[in-house]
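Notes for the one structure printed next.
Readers should treat all values here as calculations from the given coordinates under stated rules, not as data from a laboratory. This structure is a prediction, so every number in the text was calculated from the model and none was measured. Reconstructed Cβ throughout: ideal geometry from the backbone, glycine too, with neighbour counts over all protein chains shown.
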Amino acid sequence: MEALFRKAGIVRCFSREELTTVASIFTLKEVKGKNCAIITHAGGPAVMLADALSKGRLNVPTFDPVLANELKSKLYPGAAVSNPIDIIGTGTPEHLAMAIDYCEKKFDNVDLMMVIFGYPGLVKPVEAYEVLHKKMGECSKPIFPVLPSIVTASPEVKSFVKKGHVNFSDEVTLGTALSRVLNTPKPASTDIRLYGIDIPAVRRIIEQLPSNGFLNPSEVRILLKAANIPLVDEHTSSDLDEILAFAKKVGYPVVAKVVGPIHKSDIGGVTLNIRTEDHLRLEFERMMNLPEVTGILVQPMLKGQELFLGATYENRFGHVVLCGLGGIFVEVLKDVSYGLAPLSYEETYSMIHSLRGYPIIKGTRGQKGIDEQEYADIIVRLSTMLRFTSEIKEIDINPLIATDRGLFAVDARIRLEK
């Protein structure tokens, strides 16, 4: 359902309150960017709202310092203008109007405004709400009113709503809901784009493959190459001399995996970081004696961030494509995003950005991020191939390793059902 909603551009909500808040957002002017200005007379709620927006991957940018100081000079001492703009509790409706005008006309890096104004007991809220009403009609940038004093300023809030407005009484609920709206891609285009994939060649490959079951490694590589998915060098053989020669060619350390059993790790059929010829020889002899093993596959040992990419075929939906970080993130934390093939780039970036582990993809704590564009390219190309290969019922590329030289599929399995 998540994949279907993303394809259709539907904002998914998880409570009645969130549903109502999202619907209220759609009654305002369309938001055309993710740069948010917060205008308030109370610092605490503004900080909570800024946190909610940042958590939802929206921006709370700082303003041009010259213009910000110009605005500050017109407010009471103690006011803050770095964003949030805090006109402080004694700030007047005129100060509120001034802050809104600066965000509308002078601060170029503002796409929308959120105004928090309760009942401080020092200023009559009806006057501030009248300013807000007027500016919401005049400004081209959308303004989201947060009027939290629904008890102590109940008559004034009701009067504001009767003028055709909505009120977001809780700033965190608004920030969370707005993040959902702005992170939902537009409805996907129905135009079919091939992104350079030779579909007739893919169809010829499919028609020549066995009718049912999991493909062998060489067949998997043929299909993935047809989708222009980069592959790590590898060699499969039941001959020890061939395996040793390939390992010497690509250089140690290498990885050895059994060919035949579907779940290689469960039977001890995967050995990482083999650094010498003697070690590889011992692993070859051990693995060839495991049940159902027909050969050994050897690859160079790549270092980098492990990613996951896969798909499963669902009746009436087609292929549901899954992406995420590999290893513990997919196996234990279940941090996976979903989309319906074929995927546009907008859908694909929405999937990547919705991952809880996205900061790792972007780069965090001094660690270099991965090539997000290349990851999106691979996801889009795989989904395009799947659009024309309903016979593929299951595909897993795990891991897809992001190295300094690019992304490479290291291990993959594909199940056909014609």
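I need the peptides 195-206, 254-265 ranked by packing, meaning the mean over residues of other C-beta atoms within 10 angstrom, with the highest value on top. Don't jump to the answer; show the numbers that get you there.
Numbers: 195-206: 14.1, 254-265: 17.7.
In decreasing order of mean packing, 195-206, 254-265 become 254-265, 195-206.
List the residues whose amide H sits under 5 Å from the amide H of Leu340, counting only those 5 or more places along or on another chain, with H placed 1.01 Å from N in the peptide plane.
For Leu340, the qualifying residues are Lys7, Val321.
Per-residue HN-Hα couplings for segment 231-237, Karplus 6.51 cos²θ - 1.76 cosθ + 1.60 at θ = phi - 60°, whole Hz, x for Gly and Pro?
10, 6, 4, 7, 9, 10, 6
Spelling out what I want: for every residue of segment 367-379, take phi, set θ = phi - 60°, compute 6.51 cos²θ - 1.76 cosθ + 1.60 (Karplus), and round to whole Hz; glycine and proline get x.
Once θ is set to phi - 60°, the couplings for segment 367-379 become 7, 5, x, 8, 7, 4, 4, 5, 4, 5, 4, 5, 4 Hz.
Quick one: helix 217-226 against the long Cα principal axis of the chain, what's the angle to the nearest 10°, folded into 0 to 90?
Approximately 50 degrees, to the nearest 10.
Would you mind putting 118-125, 408-415, 49-56 in packing order, based on average other-beta-carbon counts within 10 Å, highest first?
Numbers: 118-125: 16.4, 408-415: 20.6, 49-56: 18.5.
Put in order of decreasing packing, that is 408-415, 49-56, 118-125.
Below 8 Å, C-alpha to C-alpha, sequence gap of six or more: please give me the relative contact order for the chain in percent. Can you show the working numbers first?
Numbers: 757 pairs, mean separation 62.3, N = 418.
Contact order relative to length: 15 percent.
List Ser169, Ser154 from most exposed to least, where exposure is judged by having the fewest other Cβ atoms within 10 Å. Spell out each step's value before the answer.
Values: Ser169 16, Ser154 11.
So the ranking, lowest neighbour count to highest, is Ser154, Ser169.
With a ≥ b ≥ c the root eigenvalues of the C-alpha gyration tensor of the chain, is it rounded (a/c under 1.5), prolate (a/b larger than b/c) or oblate?
Details: a/c = 3.36, a/b = 2.46, b/c = 1.37.
Prolate is the answer for the chain, as a/c is 1.5 or above and a/b outweighs b/c.
With θ taken as phi - 60° and the coefficients 6.51, -1.76 and 1.60, list the Karplus ³J(HN,Hα) couplings across segment 80-86 in order, rounded to whole Hz; mark glycine and proline as x.
Taking θ as phi minus 60°, the curve returns 10, 9, 6, 5, x, 8, 10 Hz for segment 80-86.
If amide H atoms are built 1.01 Å from N in the plane of the peptide, which residues on other chains or at least 5 residues away come under 5 Å of the amide H of Phe308?
Answer set, sorted by chain and number: Gly324, Leu325, Gly326, Leu400.
Calculate the length of the line joining the C-alpha centroid of segment 1-26 to that of segment 212-255, in whole Å.
Answer, in whole Å: 44.
Where does each of Glu30, Glu171, Glu283, Glu306 land when they are ranked from fewest to most other beta-carbon atoms within 10 angstrom?
Details: Glu30 7, Glu171 26, Glu283 23, Glu306 17.
Ordered from fewest to most neighbouring Cβ atoms within 10 Å, Glu30, Glu171, Glu283, Glu306 come out as Glu30, Glu306, Glu283, Glu171.
Can you give me the long-range amide H partners of Ile39? Hydrogens built in the peptide plane at 1.01 Å from N, cutoff under 5 Å, separation of 5 or more residues or another chain.
Counting only residues 5 or more places away or on other chains, the set is Ile85, Met114, Val115, Ile116.
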